[in-house]
1. When both residues are 6+ apart or on different chains and their Cβ atoms are under 6 Å apart, which pairs have a first residue that lies in the stretch 26-48 and is touching a residue at least 12 places away in the same chain (Cβ under 8 Å), and a second that is in a helix (DSSP H, G or I) and surrounded by 11 or more Cβ atoms within 10 Å (Cβ to Cβ)?
2. How many residues are outside any helix (DSSP H, G or I), surrounded by 12 or more Cβ atoms within 10 Å (Cβ to Cβ) and modelled with pLDDT of 95 or more if we restrict to the stretch 9-40?
3. So, in the stretch 50-68, exactly how many residues are modelled with pLDDT of 90 or more and part of a loop (DSSP other than H, G, I, E, B)?
4. Name every residue in the stretch 49-69 that is exposed (fewer than 10 other Cβ atoms within 10 Å of the Cβ) and within 15 Å of residue 7 (Cβ to Cβ), in order of residue number.
């Protein structure tokens, strides 16, 4: 059954590699969203880590999805 995973993402040795730490997992998006908001509120200002919620079948799939290199979206003129 798919779940919502919360990961802490820190910069790795280079732009390609990211350090991922699974913090928690939830059955409901609402619970995951509340937890991520709490983590972001409590994060110190000098901490550059990101907190992400990702929906996946399992932890391995979630990690793979977070490691994928995604191209920046194309912003069309009327969307600016």
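1. 26/32
2. Final tally of qualifying residues: 5.
3. The qualifying residues number 2.
4. Once the filter is applied, which keeps residues that are exposed (fewer than 10 other Cβ atoms within 10 Å of the Cβ) and within 15 Å of residue 7 (Cβ to Cβ), the stretch 49-69 yields 60, 68.
The values are calculated or read from the model by the stated rules, or taken from the named source; none is laboratory data. Being a predicted model, the structure only gives us computed values, none of them experimental. Don't worry about glycine lacking a Cβ; one is built from the backbone with ideal geometry, like all the others, and counts go over all protein chains shown.
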